[in-house]
Amino acid sequence: MPFWWKRAVRREPPADLFPQQEPGPLASSAIMDDRERLPDAPYFLPKDAQEQNRLNFQHRCLYSAIGNHYLVPLRPDVTTILDVGTGTGIWPVEMARLFPQAHIVGVDISAASLEFTSSSSYTFCLADVLKGLPFPDQQFDYVHQRLLVAALPATQWPSVIQELVRVTRPGGWIELLEIGVTIQQAGPETTHLLTWMGERSRERGFDMGLMSRLGEMLAQQGLEAIERQDIPVPLGEWAGHVGAMLKANVLSAFDALKGVYCTQANMPLGQFEAMVNRVAQEWEEHHASYVFHAAYGRRGKR
Ligand SMILES: C[S@@+](CC[C@H](N)C(=O)[O-])C[C@H]1O[C@@H](n2cnc3c(N)ncnc32)[C@H](O)[C@@H]1O
């Protein structure tokens, strides 16, 4: 029995759900640009307690905005679910409540922000999706990947989706949900900041603009029955509770990115903060909404 399965004893897992290889060592973290980050991975958001709180808050914010934890037409008897880049583990834990008969595996390159550890219905596993997932082919009924825009360089998206397809059962579903650079009712300050941030991320090999093309990327890997959803979520106190939550989350994410981008562009932190203050004011004046991009598709029956 692989070590990562030992704590998941109450529910009998599917016999073939074992990793093919031992997961690699924990990605090391280091203080960079004032926050703890993963220096050996392309991922450029922090991995510290502050970011852990933000991820849990963001999860609540998305649930308030969308009203569910998933979009695919899941059968109630789904048995195996994979969450790629699981973060704190909050998504698998809440899905386990909704689907008590299922076993859910969360993988992440680092356990540094893991808050919800393995249980009888949920197993955490260290894995770097850029190097391949430690599972045999066709293991999961449903593969979910959310908010890895700052983790996957643009050129790697096709091979990562191919890897998600590999571990999905014929007839199973893959769902991707991301945030990119689409803000509706964006004023000039917001457009300027998004363009600036887009340029910085492109310098690092990332493309936030790709996130509006998740459906196309799923189609390129041969998935069927593809559905795309652009989900505008109000951004600002002008829209009440959900808008205030998303605004707090986005400002916290900008703060998490500030050190990296300012170091890269040789910009004083204060200049970036002033830009963000103006942008936040603009969201209230223009009644802005940030668009989440989602797409899901089914693996053919072969
Ligand atoms: C922004 S967080 C999103 C967490 C979670 N999906 C959610 O929606 O709350 C991105 C997560 O992906 C993880 N990650 C980054 N690069 C990864 C990789 N190459 N393989 C697996 N996980 C990775 C990070 O450690 C982080 O926990």
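The residue pairs whose first member lies in the stretch 44-57 and is under 13 Å from ILE31 (Cα atoms), whose second member is open to solvent by less than 30 Å² (accessible area, probe 1.4 Å) and part of a helix (DSSP H, G or I), and whose beta carbons are closer than 8 Å, counting only pairs six or more residues apart or on different chains, are PHE44/LEU257; PHE44/VAL260; LEU45/GLU51; LEU45/ALA253; LEU45/ALA256; LEU45/LEU257; PRO46/ALA256. Close contacts from the stretch 269-282, counting a first residue that is closer than 12 Å to THR191 by Cα and a second that is open to solvent by less than 40 Å² (accessible area, probe 1.4 Å), with Cβ to Cβ under 6 Å and a gap of 6+ residues or different chains, come to MET275/LEU193; VAL276/PHE254; VAL279/THR190; VAL279/LEU193; GLU282/GLY187; GLU282/THR190. Within the stretch 112-123, the set of residues being within 11 Å of the ligand (Cβ to nearest atom) and out of contact with any Gly (no Cβ under 9 Å at 6 or more places or on another chain) comprises just one member, ALA112.
Here is a yes/no grid of residues against (1) acidic (Asp, Glu); (2) in contact with a Leu (Cβ under 9 Å, 6 or more places away or on another chain); (3) closer than 26 Å to GLU203 by Cα:
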position: PHE140; (1), (2), (3): no, yes, no
position: ALA151; (1), (2), (3): no, yes, yes
position: THR155; (1), (2), (3): no, no, yes
position: VAL160; (1), (2), (3): no, yes, yes
position: THR168; (1), (2), (3): no, yes, no
position: ILE174; (1), (2), (3): no, yes, no
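Can you find a residue in the stretch 233-255 that is surrounded by 15 or more Cβ atoms within 10 Å (Cβ to Cβ), within 25 Å of THR155 (Cβ to Cβ) and in contact with a helix residue (DSSP H, G or I) (Cβ under 8 Å, 6 or more places away or on another chain)? Yes, some residue in the stretch 233-255 is surrounded by 15 or more Cβ atoms within 10 Å (Cβ to Cβ), within 25 Å of THR155 (Cβ to Cβ) and in contact with a helix residue (DSSP H, G or I) (Cβ under 8 Å, 6 or more places away or on another chain). The residue of the stretch 67-96 that is nearest to VAL149 (Cα to Cα), among those that are open to solvent by 50 Å² or more (accessible area, probe 1.4 Å) and modelled with pLDDT of 95 or more, is ASN68.
Take the stretch 124-148 and flag every residue that is in contact (Cβ under 8 Å) with a residue 60 or more places away in the chain, within 14 Å of the ligand (Cβ to nearest atom) and open to solvent by 10 Å² or more (accessible area, probe 1.4 Å). If the condition is that a residue be in contact (Cβ under 8 Å) with a residue 60 or more places away in the chain, within 14 Å of the ligand (Cβ to nearest atom) and open to solvent by 10 Å² or more (accessible area, probe 1.4 Å), then PHE124, LEU126, ALA127, ASP128, LEU130, LYS131, ARG146, LEU147, LEU148 are the ones that fit.
How many of the residues in the stretch 210-222 are away from the ligand (no atom under 15 Å from the Cβ) and surrounded by 15 or more Cβ atoms within 10 Å (Cβ to Cβ)? Number satisfying all stated conditions: 8.
Summed over the stretch 276-302, the residues that are of a type in the set (D, E, K, R) and part of a strand (DSSP E or B) give a count of 1.
Of the numbered criteria (1) open to solvent by less than 40 Å² (accessible area, probe 1.4 Å); (2) over 16 Å from THR191 (Cα atoms); (3) in contact with a helix residue (DSSP H, G or I) (Cβ under 6 Å, 6 or more places away or on another chain); (4) of a type in the set (A, V, I, L, M, F, W, C), the one VAL260 fails is (3).
Would you mention how many residues in the stretch 48-61 are within 12 Å of the ligand (Cβ to nearest atom) and open to solvent by 10 Å² or more (accessible area, probe 1.4 Å)? Matching residues across the stretch 48-61 total 9. Checked against the criterion of being under 30 Å from LYS301 (Cα atoms), in contact with a helix residue (DSSP H, G or I) (Cβ under 6 Å, 6 or more places away or on another chain) and at pLDDT 95 or above, the candidates MET211, MET217 yield just one match: MET217.
When LEU38 is tested against (1) modelled with pLDDT of 95 or more; (2) surrounded by 15 or more Cβ atoms within 10 Å (Cβ to Cβ); (3) closer than 30 Å to PRO268 by Cα, exactly one condition is not met: (1).
The values are calculated or read from the model by the stated rules, or taken from the named source; none is laboratory data. Just so we're clear, the structure is a prediction, and the values are computed from it rather than from any experiment. Note that each Cβ is placed from the backbone with ideal geometry, even for glycine, and that neighbours are counted across all protein chains shown. Ligands, DNA and RNA are stripped out before the accessible areas are found, and what is left, the full protein with its side chains, is counted by its heavy atoms. Shrake-Rupley method; radii C 1.70, N 1.55, O 1.52, S 1.80 Å.
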